[in-house]
Structure formats: structure tokens, C-alpha cells
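Each remark here refers to the structure printed beneath this line.
Readers should treat all values here as calculations from the given coordinates under stated rules, not as data from a laboratory. Remember, predicted model here, so these are calculated numbers, not experimental data. Glycine also receives a Cβ, built like all others from the backbone with ideal geometry; neighbour counts cover every protein chain displayed.
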Amino acid sequence: MNSFFQNFENSTIVSIPYKHDPIIFFMNSVKRLQAMSSGEEQISFVLNQCFQLLNKFISARKIIEDDITKTRKACETLKYYRSEIRNAAKDIFGSIRFIDINNIIIETLENIILNNNSEMYGLLVESSDQWDFMFEIIQKNGLHEFVKPVFTKTAREQYFDIPIITFLPANWISGLVTLPPSEKFILIHPENTFINGFNASIFKAPNDQSLEVTTDNLKLKRSELISVKPSQDFYSKFSASFCDEMIINSDISLLNSCEQPLFIMEVFDSKRELRYIECNKEYLVIDEDGKIKYSSFENSDQIQNIKYIVDRIDTSCLTSEDLKRKQNLIMEKWKKPLRDHPHIDGLIKELEMLGAKKASIVNIKNWYNPNNIAPGNFEDYKSVLSFAGVRDKQEVEKFFELARRRRGDSISEGHEKKIIGLEIVREFLESLKCNTSLKSEYQIQGIKFSLIALG
């Protein structure tokens, strides 16, 4: 297994579906509206509000009155459209009030605790705010002694000896959790939303190295359906519209084509304009001291010392030849110091002192060859990076990421461009005086990118 997870041998991924008719009805109503949209701006706006709300529902986050108000006002803007669109909008807003997140949390957690013999469970949450919301519900129902919080950042870096529970559907896991964090990883999700063709490829180590994980290491288990009953008022209002066929059509594949990220955070830029950044996504940033680094954010407090965030990077004009040339230039940062060392025998000793396991004349020449990628052994690669002065943890991780991507047979050129694009932007920003004002957009070496100015 991977050196980052020496305790990780195998994991059972448990799918626990629940049936909550108001969510099923809401999903179907949104899909009806989406099917009638031809790209109209106003309908797209309504759908965007619905996607944000649906994200909150199925990930068990607190719904505040402002969320409901925004969706209601958005639906009201369709009152002059044709009747089919108006009716879909009415059903969307009408069903929201009947979705009982509190009851979903309690019914599913209680079922897990009563039907398993573990004394403690970890509940994967995105932030302290989400835990505070869920803990209040759990405590009121006497389940607080069986559950403790596990934050996504911790789950990316540690292995737990207790079962971990999450309300995130499997196809969203890779953005938040890099590896099953325990021997039993439990996914609670609406019926018919568990990802089809689920496999080990969605899991990556903290440094994004490839994992030697096969289906033998990951066992998939589906538990019985948990029924979370709504109030009788729901059926009184929608009895004429609701039918069992909606369950079959209640998948969330409509979100796959939606650009709205799962977790977003609203921030105001230096011009007091509202901008959106994705929680837990790794951004290239410049802090107030001018340091360029990679950072992810789970709450607004974490952006206080950030001056700029690299927002969008367009690499569409980067050709395949450009891509290969840029890759080689980036790798020269550690290859050139090896090549320039005057005494290769002395270099071997220095690398061994830095932890290299296979430093030899032949191997070192292979390592610094521009046509080769990088040492295959973790300790060897880390030692040559350290020798070249690459010691910053995040920069080391990026070199490992680049090597892994270049070795991958199935990696798309588009994703390669994204990785290389980030490094080109980073090098460009390092060449600037970041203590001065920067422009909002730049175009360099076939790449366009934009900055969000916060300071």
C-alpha cells in the first residue's frame, strides 16, 4: 500500500439509501423544469437556485430561511411563462417546505446505530457550522454519545479505527475525501443516487500520488432502504401528482452537467462585488505577505490573510507540443541541479543522506534525462527534490502530482493542461512583484487566467 496510509489494508464502502418522498418529488420537479429549458436565462437562474438548495438537502446541511426565500423569489419570476413551466416552478417551491432534513438525519443515524455494534461513529462534516447544526439535532434525540465529528480536512490526512458516516453521495466524495478513512465508510444518500460503476479510481492520496488500490481492497455493500416518512400534509397537497415512477427518475445525474459546485462560499472582492469560491477546492493564492501557495477554504475566516485568488485558468490554446515542452521545463527545476553536479559519486552520498534508496550512477543519469519522468520510488524522488531545494510541502506534492499524471495512461490531455497551467501561472506570479496591485486578467504562453482581488 501507499506510504501515507500504512494502516490502510481494505475498506468496506456501505451504501445506505433512504426514501423521502418530498426529496423525490423535488428532484423530479427540477428535472421537469430543466427538460423544458432551452437555455433561457431566467429558467437557468431558477435551476441554479434549485441546484444549490438540492446540494444542501442531500448533504444534510442547515437550510436557512434565506435559502427558501431566494428559491421562492426565483420561482416567482416564471409566473408569466407557459403553464407547464409555471406548474413545475410551483411544484418545486411547494415541495421544499416538506423536506425534513432533521428527520432524515435522525432516522438514518438511529438505524445505523441500532443495527450495528460499534460504540462510536465518526460523522464526516464540512465545517464546524455543519457539526453544530447536526449536533443539536443528535443531542435532542439522545444519539450524541455515539457520534463525534470528523472534518473533511482531517479525513484527508488520517485513518480512523471507527466507522465513518457521510451524507455525501459517492460521486462527490473525491472532491472532499482522498481515501476511505476507515475500515467501514458509510454513505447515506437518497434512493437511486448511489454512483453507478463505483470503483477505486475516485480515491487519491493526500499528495495526489496514485494508490495501489484495487477492487480487492474495496468491498461494496448495499444496506436495506430506510424509509423517512414526511408529514401527511405532503400527500394531501401532492397526492394527485406523486407516483412511484418518480422514484426511478429521482437520480441526481442532472447535477453532473451543472457547473454549480457542491460547496460554495460567498466572498466580496476589493470592489465589494459578490464572488463565489468552492469550499475544499485547492486554489493558487497570494497572501498578504506576497507568498504564493496552494490553499483550500472551509469557511470565510480562512481567507482573511489572502490578497489574491487565481480564479479561472483557460488552457484551450495550449498545444500538445507546448504541453510537453512546459512539462520538461518544470521538471528541469530538479533535473538541472543533478546534471550540473561536478562529482556524481559525491552526489550519490548526498542523495543517500537525504533518504534515497536507489541512488546509483545509472539511475541518477536516468533521473535527470529530459526524456524521462522522475524516480519511481517515493524516497528517491523526495530526495532529489530536496537536493534541488524543493522542500515546501505543497510544492513537493505538486511535483509528485505532475509525475503521476505523466505516468498515467488514461489521463486526458485536458487534465494535463490544467496541472501544467497551474504551474505556469505559479511561475509567472513568482516573477511579478506581488506586493503591488495586479490586474484582474492575464494572458501568458497560451494561457489566460483571472484573479479575484480580496485585499
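Beyond 19 Å, the tail of the calculated P(r) for region 22-99 holds 25 percent of the Cα pairs.
Note on Ile361/Arg391: beta-carbon distance plugged into 1/(1 + (r/R0)^6) with R0 of 22 Å gives a FRET efficiency of 0.30.
The length gained on full extension between Asn372 and Met120, counted as 0.36 nm times the residue separation minus their Cα-Cα distance, comes to 85.9 nm. Among 90-103, 15-28, sorting by the average number of other beta carbon atoms lying within 10 angstrom of each residue, highest first, gives 15-28, 90-103.
Within the shell of other residues whose beta carbon sits under 13 angstrom from the beta carbon of Lys357, the net charge comes to -1, with Lys and Arg scored +1 and Asp and Glu -1. In region 260-400, inverting the average of 1/r over every pair of distinct C-alpha atoms gives 17.8 Å as the Kirkwood radius. Over region 57-153, the hull volume per residue, using the convex hull of the C-alpha atoms, is 118 Å³. Remark: spin-label model distance Gln304-Asp289 equals 1.6 nm, labels positioned 7 Å along the Cα→Cβ axis. Once both labels are positioned 7 Å from their Cα atoms along Cα-to-Cβ, the gap between Ser44 and Ile68 label points is 3.0 nm.
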